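Here is the structure we will look at, set down as structure tokens.
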């Protein structure tokens with residue numbers, strides 16, 4: 001039932017590269033598909049899809065939805081299936097400093113996270129805002145609840161708990177830069193999320209992308225994602241890395 005809820009949330013953005021919510025265009029959408037396949041003696045499949053959708057609700061309010069799906073299989077045995085749904089509501093995003101509310105939902109097969117959700121509020125500062133490049137920093141605070149399928153962790157004090165709840169503070173950095181007269185586009189999205197209650201409970205993620213435009217709305221893309229989570233199920237590694245290649249489609 002929880003997975004059906006996630007697929008339902010993911011579905012509305014099937015037409016959706018990194019979107020700047022401060023842009024004046026009322027509806028912006030992008031879809032990025034990348035992956036890797038190797039056959040023969042060792043069969044390997046890595047697939048990644050990412051969508052972005054941003055639209056104006058009222059004159060001063062903008063809603064943005066971002067989704068990420070990652071699937072990996074080795075020898076036809078599933079190794080990863082991760083879903084991440086991010087929802088933001090911004091007030092006056094055309095200003096240099098503006099507030100927002102957020103709501104996240106995710107699952108993670110490798111880390112045996114059945115469901116995780118966060119809700120919170122924050123504020124964004126636009127450090128750079130030009131037509132060919134932009135850079136933003138944000139800070140927010142969230143309440144998080146995580147449901148695990150196992151109850152043995154790398155920190156014994158969490159053993160026996162099916163859920164871990166905490167208050168978090170998050171630092172975000174997002175940017176996009178058109179290089180060589182738009183022949184290359186570099187994007188980055190990263191965050192650091194410490195718990196405000198427990199020093200052991202923190203995570204971070206960095207997502208880098210390099211796009212080579214082929215046509216106005218179509219680009220070849222190389223994506224790299226690095227994730228780290230300090231509290232994991234016993235005997236699991238704390239970090240994962242993904243390097244994929246594919247294409248990006250957008251309406252702007």
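Remark: spin-label model distance residue 239-residue 76 equals 3.5 nm, labels positioned 7 Å along the Cα→Cβ axis. On a per residue basis, the convex hull of the C-alpha atoms belonging to region 104-221 measures out at 132 Å³. In plain terms, the chain from residue 137 to residue 178 could stretch by 12.9 nm, reckoned as 0.36 nm per residue minus the Cα-Cα distance.
Using the Cβ-Cβ distance between residue 92 and residue 198 with R0 = 45 Å, the FRET efficiency computed as 1/(1 + (r/R0)^6) comes to roughly 0.85. The Cα-based radius of gyration and maximum Cα-Cα distance (Dmax) for region 2-250 are 18.5, 57 Å. Its Cα gyration tensor gives region 46-96 an equivalent ellipsoid, and the semi-axes of that ellipsoid, as √(5λ) in whole Å with the largest first, are 35, 8, 7. Each helix, a run of at least 4 DSSP H residues, gives -39500 (n - 2.57); summed and divided by the residues of the chain, these come to -1000 deg cm²/dmol at 222 nm.
Coordinate-derived values only; no laboratory data. Here the structure is a predicted model, which is why all the values come from computation and not from measurement. Cβ atoms come from the backbone with ideal geometry, glycine included; neighbour counts cover every protein chain shown.
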